[in-house]
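Working notes, beginning with the structure itself.
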């Protein structure tokens, strides 16, 4: 008895139901492909970040000058900074801290500069749905206007070592 190959189903034409589902899947892919750039342009959930190159040691120098200029106190060894309305705000990520704690005013537009001086970190503003990567050597510039008062926590959502779970920053909006 000779060995025969099994019947080759892939050579047969697709059934009507298969054609319908393939058409629906392709149409859905097309819709999602169009919606992603469209939501970036007209949506409010995707902040447009303008990254600029900066050496990590230069960013540390600029952020330290910002802290010295606008420091109003300290909380558990981390400086608390209250910049004037419309100021450039510098937030620095480094193993395992966000520096400084920011005190901002509701309804005022700030120009945020966010960068890392050591490793890649993830910026996640809680309880809002705002996430992006913070990479050393890149100054992410973001226009932000706080619309509600409260305390917002910054979580690092990119594993950065053994103290990653302690990397929580704070923005206080009044």
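The values are calculated or read from the model by the stated rules, or taken from the named source; none is laboratory data. Worth saying up front: this structure is predicted, and the values here are computed from it rather than measured. Note that we place each Cβ from the backbone using ideal geometry, even for glycine, and neighbour counts take in every protein chain shown.
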May I ask you to verify whether residue 62 is over 17 Å from the mean Cα position of the chain (by Cα) and closer than 26 Å to residue 164 by Cα?
yes
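Among the residues of segment 116-129, which ones are in a strand (DSSP E or B) and surrounded by 16 or more Cβ atoms within 10 Å (Cβ to Cβ)?
Result: 116, 121, 122, 123, 124, 125.
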Return a yes/no flag: does segment 140-162 have any residue that is part of a strand (DSSP E or B), under 17 Å from residue 56 (Cα atoms) and in the same structural domain as residue 63 (by TED's automatic domain parsing).
yes
Working carefully through the options 84, 79, 100, find the one that is at pLDDT 90 or above, at negative phi and surrounded by fewer than 16 Cβ atoms within 10 Å (Cβ to Cβ).
84
State whether one or more residues within segment 103-115 are assigned by TED's automatic domain parsing to the domain that holds residue 165, within 26 Å of residue 165 (Cα to Cα), modelled with pLDDT of 90 or more and not in a strand (DSSP E or B).
no
Any hit, segment 117-129, residues being without any contact (Cβ under 8 Å) to a residue 60 or more places away in the chain and at positive phi:
no
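Report, by residue number, each residue of segment 37-48 that is out of contact with any helix residue (DSSP H, G or I) (no Cβ under 7 Å at 6 or more places or on another chain) and modelled with pLDDT under 60.
The initial filter retains those residues of segment 37-48 that are out of contact with any helix residue (DSSP H, G or I) (no Cβ under 7 Å at 6 or more places or on another chain), namely 37-45, 47-48.
Residues satisfying the conditions are 45, 47, 48.
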